[in-house]
């Protein structure tokens with residue numbers, strides 16, 4: 001199973017996880033990478049105060065490197081109970097499907113932090129092939145960048161970083 005002609009960029013894919021960690025930590029959410037090939041989630045998030053870190057949020061990270069991708073991403077329904085949120089990182093490193101040159105499609109990355117319930121509601125399970133979530137037609141704005149990451153911070157009760165005590 002799988003596409004032998006698919007372009008595999010492991011460094012770029014790993015970069016998506018580290019980008020997600022960076023954005024979470026920028027919001028003062030302590031994030032750790034799970035062991036490689038851990039089933040169901042890639043990141044563990046906790047409150048940065050050890051006295052308030054009872055709650056754990058598990059995050060699965062998916063990435064697409066192509067700017068001209070269909071913005072769908074694979075998710076197996078067997079993993080639904082393993083994560084609380086799914087962060088999809090559109091790395092936008094260039095055009096790979098159109099006739100345009102790869103570097104001409106370079107854009108800033110986009111990160112969407114989507115709750116499991118939304119993933120389940122938009123999951124597509126074909127009779128054959130990969131199970132996936134199709135994002136075309138979905139309103140992803142409430143989950144984009146800081147708005148999406150704020151959901152995790154609220155779940156963990158992490159206050160916004162400020163000088164005020």
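The values are calculated or read from the model by the stated rules, or taken from the named source; none is laboratory data. Predicted, not measured: the structure shown is a model, and the values here were computed from it. In this analysis, Cβ positions are derived from the backbone assuming ideal geometry, glycine residues included, and neighbour counts consider all displayed protein chains.
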List every residue pair whose Cβ atoms sit under 6 Å apart, with the two residues 6 or more apart in sequence or on different chains, where the first one lies in the stretch 149-161 and is without any contact (Cβ under 8 Å) to a residue 60 or more places away in the chain and the second, anywhere, is exposed (fewer than 12 other Cβ atoms within 10 Å of the Cβ) and assigned to a helix (DSSP H, G or I). none
Taking the residues in the stretch 31-52 that are closer than 26 Å to residue 131 by Cβ and loosely packed, with under 10 Cβ neighbours inside 10 Å as candidates, determine which candidate is modelled with the highest pLDDT. 35
Counting only residues in the stretch 87-104 that are free of Cβ contacts under 8 Å to residues at least 40 places away in the same chain and assigned to a strand (DSSP E or B), the one farthest from the chain's Cα centre (by Cα) is identified as 94
Keeping to the stretch 136-165, report how many residues are part of a loop (DSSP other than H, G, I, E, B) and over 13 Å from residue 48 (Cβ atoms). 9
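Being within 16 Å of residue 160 (Cα to Cα) and touching a helix residue (DSSP H, G or I) at 6+ places or on another chain (Cβ under 6 Å) is the filter here; which residues of the stretch 32-51 pass it? Steps first, please.
Restricting attention to the stretch 32-51, the residues satisfying the condition of being within 16 Å of residue 160 (Cα to Cα) are 45-49.
Listed by number, the list holds a single entry, 45.
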Matching entry among 14, 9 (being modelled with pLDDT under 95 and in contact with a strand residue (DSSP E or B) (Cβ under 8 Å, 6 or more places away or on another chain)): 9
Within the stretch 65-86, count every residue that is outside any helix (DSSP H, G or I), modelled with pLDDT of 90 or more and surrounded by 14 or more Cβ atoms within 10 Å (Cβ to Cβ). 7
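Name the single residue, out of those in the stretch 105-117 being over 11 Å from the mean Cα position of the chain (by Cα) and crowded, with 17+ Cβ neighbours inside 10 Å, that is modelled with the lowest pLDDT.
As a first pass, look at the stretch 105-117 and keep what is over 11 Å from the mean Cα position of the chain (by Cα): 105-109, 116-117.
Imposing the further condition that a residue be crowded, with 17+ Cβ neighbours inside 10 Å reduces the set to 105, 109, 116.
Values: 105: 78, 109: 93, 116: 97.
Filtering the stretch 105-117 for residues that are over 11 Å from the mean Cα position of the chain (by Cα) and crowded, with 17+ Cβ neighbours inside 10 Å, the one modelled with the lowest pLDDT comes out as 105.
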Which number in (1) touching a strand residue (DSSP E or B) at 6+ places or on another chain (Cβ under 6 Å); (2) modelled with pLDDT of 95 or more; (3) not in a helix (DSSP H, G or I) marks the one condition that residue 28 misses? (1)
